[in-house]
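K.L.:
Would you mind keeping the following structure in view while I ask a few things?
The values are calculated or read from the model by the stated rules, or taken from the named source; none is laboratory data. Here the structure is a predicted model, which means the values were calculated and not measured. In this analysis, Cβ positions are derived from the backbone assuming ideal geometry, glycine residues included, and neighbour counts consider all displayed protein chains. Only protein heavy atoms, including side chains, enter the accessible area calculation; ligands, DNA and RNA are left aside. Shrake-Rupley method; radii C 1.70, N 1.55, O 1.52, S 1.80 Å.
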Amino acid sequence: MSMAIPESGFLRLNQIIGPVARPIPISKSAWWQGIKDGRFPKPIKLGPRTTAWKAQDIKALVDRLAAA
């Protein structure tokens, strides 16, 4: 069972990936490699130590992965 993704706003990494109840069950290193390879959306820096992703980008990614 995965969590509901909001229609708008931002998501932090711990809301996106993880072993249980997360939309994308992969490791941090696999996530960052996917960003580097262009498979996953690029992050947005909200501050010097705050990185987030647009909720709509993550929702589109989950929909694309579910369709594959």
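K.L.:
Somewhere in region 35-53, is a residue open to solvent by 60 Å² or more (accessible area, probe 1.4 Å) and either in contact with a Cys (Cβ under 8 Å, 6 or more places away or on another chain) or hydroxyl-bearing (S, T, Y) (or both)?
P.N.:
Checked against the condition, which is being open to solvent by 60 Å² or more (accessible area, probe 1.4 Å) and either in contact with a Cys (Cβ under 8 Å, 6 or more places away or on another chain) or hydroxyl-bearing (S, T, Y) (or both), region 35-53 yields no hits at all.
K.L.:
Please specify each residue of region 19-34 satisfying the condition of being open to solvent by 90 Å² or more (accessible area, probe 1.4 Å) and not hydrophobic (A, V, I, L, M, F, W, C).
P.N.:
P19, P25, K28, listed by residue number.
K.L.:
Considering only region 43-58, how many residues are basic (K, R), under 13 Å from I16 (Cβ atoms) and assigned to a loop (DSSP other than H, G, I, E, B)?
P.N.:
0
K.L.:
Being within 14 Å of F10 (Cα to Cα) and either polar (S, T, N, Q) or not in a strand (DSSP E or B) (or both), is that true of even one residue in region 21-32?
P.N.:
No; the residues of region 21-32 include none that is within 14 Å of F10 (Cα to Cα) and either polar (S, T, N, Q) or not in a strand (DSSP E or B) (or both).
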